[in-house]
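To start, the structure under review is shown below, and the notes come after it.
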């Protein structure tokens, strides 16, 4: 089911838990935060079919960023933090 539905109908329902820290993300938070970021991405000129790269630590904010991109119709490339610079640049299509 679309997480936005859970965000409205059962906002306190747990969407994800960080196993390391025990931090909890509810569907309400996921819906609200991803909507805010989606609006920000749109404000920066990104539109359906555009592409973003996600390069971040493993944490619950990943869900917010990923869902903001998906609800905006953006394509996502995730980049592993442990990759070397050359590999990161090649993933982004940038010159080495």
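The values are calculated or read from the model by the stated rules, or taken from the named source; none is laboratory data. Since the structure is predicted, the reported quantities are computational estimates derived from the model, not experimental observations. Quick reminder, even Gly has a Cβ in these numbers, built from the backbone with ideal geometry, and neighbours come from all protein chains shown.
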Residue set 4, 20; condition at pLDDT below 95 and over 25 Å from residue 81 (Cα atoms); output residue 4
Does residue 31 satisfy the condition of being surrounded by 13 or more Cβ atoms within 10 Å (Cβ to Cβ), in contact with a helix residue (DSSP H, G or I) (Cβ under 6 Å, 6 or more places away or on another chain) and over 22 Å from residue 81 (Cβ atoms)?
-> yes
Would you mention how many residues in the range 57-81 are outside any loop (DSSP other than H, G, I, E, B), buried (at least 19 other Cβ atoms within 10 Å of the Cβ) and over 9 Å from the mean Cα position of the chain (by Cα)?
-> 0
